[in-house]
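Have a look at the structure below, then the notes.
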Amino acid sequence: MSDMKLSIDEMRGLMEAFSTSGLTSFTLRDGDFELCFASEKPEQVYVCPPAAAPAVPGAVQMPAAPAVAPAAEAAAPAEKKEEISGNVVKSPIVGTFYASASPDKPPYVTVGKQVSEGDVLFIIESMKLMNEVTSEFTGTVEKILVQNGQAVEYGQPIMVIS
């Protein structure tokens, strides 16, 4: 017999954490109680444009046909990998990034703000728990790399302090 009792909100929290974690399966067992989640990772498709034919003197050059990507990839904007320098603060857990304690409060930090070691920088909500993330560095906030309310992964860069 199991004493495990989960509310709908707790189950939703587990489902949200599972969907943002990158895991393909998750099972929680307690006695007779069993909760399973499973998903398939989408197959990554890489598309290379065709090589251009060598130029022939006097010939008219036709532009190369654009590579056709699957609809999901075509809809996503091209991301440029940006070099990050300085002290990078990374997410310690999977969850949702919040810049302030509540929507009506100002953010803990903004770009250009001086911070000291131990200052609260932001909150990561995971499974309905609010986890304050403190600075390991003393310096100035140079960049905030995520938006308020955005889902973040474990180890994802959140901000840069220099």
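In the full protein assembly as shown, how much of Tyr108 is accessible to a 1.4 Å probe, in Å² to the nearest 10?
Taking all protein chains as shown, Tyr108 has close to 60 Å².
Any idea how far apart Thr110 and Gln150 come out in nm if each label point goes 7 Å out from Cα toward Cβ?
Here the answer is 1.9 nm between the modelled labels.
Counting other Cβ atoms within 10 Å, keep those with at most 15, restrict to DSSP loop, and tell me which GluC sites (Glu not before Pro) in region 103-134 are left.
Sites meeting the loop and neighbour criteria: Glu117.
For Phe137, Phe37, Phe122, give me the order by solvent-accessible area with a 1.4 Å probe, most accessible first, ignoring ligands, DNA and RNA. Before the final figure, lay out the partial values.
Working: Phe137 50, Phe37 30, Phe122 0 Å².
From most accessible down to least: Phe137, Phe37, Phe122.
How would Lys128, Lys113 line up by accessible area, probe 1.4 Å, largest first?
Working: Lys128 125, Lys113 90 Å².
Reading off the accessible areas and sorting them downward yields Lys128, Lys113.
Of Thr96, Thr20, which has the most accessible area and how do the rest follow, probe 1.4 Å? Show your work: numbers first, answer last.
On the way: Thr96 10, Thr20 35 Å².
Final ranking, largest accessible area leading: Thr20, Thr96.
How much of Arg12 can a 1.4 Å solvent probe reach, expressed as accessible area in Å² and rounded to 10?
Number for this one is 140 Å².
The values are calculated or read from the model by the stated rules, or taken from the named source; none is laboratory data. All values reported here derive from a predicted model rather than from experimental measurement. Neighbour counts are summed over all protein chains in view; Cβ atoms, including those assigned to glycine, are modelled from backbone coordinates with ideal geometry. Just so you know, the surface numbers come from the protein's heavy atoms only, side chains and all, with ligands and any DNA or RNA stripped out. Shrake-Rupley method; radii C 1.70, N 1.55, O 1.52, S 1.80 Å.
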